[in-house]
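The values are calculated or read from the model by the stated rules, or taken from the named source; none is laboratory data. Quick caveat, the model's predicted, so the values are computed rather than measured. All Cβ positions, glycine included, derive from the backbone under ideal geometry; neighbour counts span all protein chains shown. The area values use the complete protein model at the heavy-atom level, side chains included, leaving out ligands, DNA and RNA. Shrake-Rupley method; radii C 1.70, N 1.55, O 1.52, S 1.80 Å.
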Amino acid sequence: MPKTLPQFSGELSASAALRVECSREGLARARSFTRDTLHGWSLDHRCDDATLVITELAANAATHAAPSTSDVPGVPEIRLGFLLDPSHLLVTVYDTDDHPPVYAPTGTALEEHGRGLCIVDALSEEWGWVPSPPAGKTVWARLTTRSATPCPPF
């Protein structure tokens, strides 16, 4: 799993960021923000995949980072980020937990938890994480901005 942010293929076209609480409402806000941002960037054709990726990364951050900050007053927050160049969308999620994400491709398809990073891996060109000093980490996923290839007819 790469521990550096990917390099962009061209000039940065746009960026957006949002802080959300580690809560059900925060995750709903993350999904809405993703859809609205991509719509504004004329990337509606990538909206479903990007929304699913951001939801999985944010849910992991809320699940694993929130317990580690339970001694901090208030509801823990995570930071979402989007960077766009002509050919790629970089999605980032920062949380305060220093532990790396755990990718576990083994297991059964019927398990209720543990498939989020498998989904991220399937929908993105690449993904990884970087430490974010002084504390925490940023998990990222790079998605193409090209339209998905339609499935061939049966």
Check your understanding: Does Ser15 satisfy the condition of being over 14 Å from the mean Cα position of the chain (by Cα), outside any loop (DSSP other than H, G, I, E, B) and at pLDDT below 95?
Key -> yes
**Study point:** Hey, Glu21 open to solvent by 50 Å² or more (accessible area, probe 1.4 Å), farther than 24 Å from Asp121 by Cβ and touching a residue at least 24 places away in the same chain (Cβ under 8 Å) or not
**Key:** yes
